[in-house]
1. In region 60-77, what residues are closer than 19 Å to Tyr233 by Cα and part of a helix (DSSP H, G or I)?
2. When residues of region 181-211 are filtered for being in contact (Cβ under 8 Å) with a residue 12 or more places away in the chain, part of a helix (DSSP H, G or I) and either of a type in the set (Lys, Arg) or touching a Ser or Thr at 6+ places or on another chain (Cβ under 7 Å) (or both), how many remain?
3. Which members of region 24-46 meet the condition of being within 14 Å of the ligand (Cβ to nearest atom) and assigned to a helix (DSSP H, G or I)?
4. Mind telling me which of the residues Leu169, Leu164, Leu129, Leu147 ends up being of a type outside the set (D, E, K, R) and under 16 Å from the mean Cα position of the chain (by Cα)?
5. Just to confirm my filter: which helices (runs of 4 or more DSSP H) fall fully inside region 78-136 and include at least 3 residues that are closer than 16 Å to Thr185 by Cβ and within 12 Å of the ligand (Cβ to nearest atom)?
6. All but one of (1) in contact (Cβ under 8 Å) with a residue 60 or more places away in the chain; (2) farther than 20 Å from Lys137 by Cβ; (3) buried (at least 20 other Cβ atoms within 10 Å of the Cβ) hold for Arg214; which doesn't?
7. Determine which single condition Ala21 fails, assuming it passes every other condition in (1) assigned to a helix (DSSP H, G or I); (2) buried (at least 24 other Cβ atoms within 10 Å of the Cβ); (3) touching a helix residue (DSSP H, G or I) at 6+ places or on another chain (Cβ under 7 Å).
8. Considering only residues that are among the aliphatic types (A, V, I, L, M) and either within 13 Å of Ser123 (Cβ to Cβ) or in contact with a Pro (Cβ under 6 Å, 6 or more places away or on another chain) (or both), which ones fall in region 75-104?
Amino acid sequence: MDDRPIGLFDSGVGGLTIWRATKRLLPKESLIFFADSGHVPYGEKSTEELHDLTTRIVRYLIGQDVKIVVVACNTATVYAIDHLRKTFPDIPFVGVVPVVKTLASRTHTGTVAVLSTPATAESAYLTGLIQEYAPDKRVLRIGCDGLEDLVEAGEGRSRQATALLERHLTPLRDSNVDAVGLGCTHYPFLRHRIKRILGPGISVFDPSRPVARRVRELLAERDAFAQHGKPFYRFYTTGDATHFGEVASDLLRYPVRDVGHVEL
Ligand code: DGL
């Protein structure tokens with residue numbers, strides 16, 4: 001038994017897709033969500049910057065007495081989770097990476113695509129995942145510049161977002177792709193649009209639920225499930241707290257109130 005909260009963080013609102021899946025799967029758990037909105041997008045940061053920012057965030061979360069940290073951001077996982085595990089050996093981490101294994105097992109055509117930030121698309125980590133899990137598949141790595149900024153601005157449903165998505169997804173049209181992975185935690189908020197643009201023959205995979213299941217597994221291994229009946233949900237941002245609360249409430253259709261502002 002462990003009633004301490006679970007900490008989750010992202011560069012902004014994207015990680016709320018994992019927050020939502022975790023809340024649904026583990027309704028007794030208290031959750032602290034940290035959005036580094038003051039430094040979004042992570043997709044444009046150097047590895048050193050990502051190490052530095054994520055280390056500060058984890059230190060902050062540990063200061064809030066979390067029992068586990070979920071790196072609810074593909075870019076931060078790919079570039080910083082190893083560093084975080086070394087820096088904080090006593091805290092268990094769960095990360096999120098593109099679902100290459102799932103794509104490889106689901107494709108019939110042998111061609112799949114990963115949508116992510118340009119940084120994740122170019123990463124050696126993604127190359128490693130492809131070599132390990134999809135060596136015999138054609139994997140298109142689509143770096144989708146700018147999408148997370150629109151979601152952050154609360155403009156994921158705008159015409160501009162649709163136009164940008166169409167531009168990024170055009171290479172998939174005549175490519176024989178039949179399975180697409182959402183390799184950035186902001187993208188599940190655009191899932192309906194992505195599906196509409198891709199059409200019915202292409203399946204879209206979102207890692208939020210598998211990540212929540214991994215959290216449950218880890219808590220089970222450690223006998224660390226919460227017991228109290230009334231969990232709490234706290235939100236912090238390094239950006240504008242009012243803006244974060246408004247955009248988050250709209251995306252989640254859940255009232256995100258009393259967001260704390262934090263300087264890292
Ligand atoms: N949500 C993040 C991810 O999963 C990154 C968005 C960004 O800040 O570039 O990669």
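1. Tyr60, Leu61, Ile62, Gly63
2. Going through region 181-211 one residue at a time, the tally reaches 6.
3. The answer is Ser37, Gly38, His39, Tyr42, Gly43, Glu44.
4. Leu147
5. 118-121
6. (3)
7. All conditions are met except number (2).
8. Selection gives Ala76, Val78, Ala80, Ile81, Val96, Val97, Val99, Val100.
Read-outs: derived from the displayed coordinates by stated rules, not from any lab. Note that this is a predicted model, so its numbers are computed, not measured. All Cβ positions, even for glycine, are placed from backbone atoms using ideal geometry, and neighbour counts span all protein chains on display.
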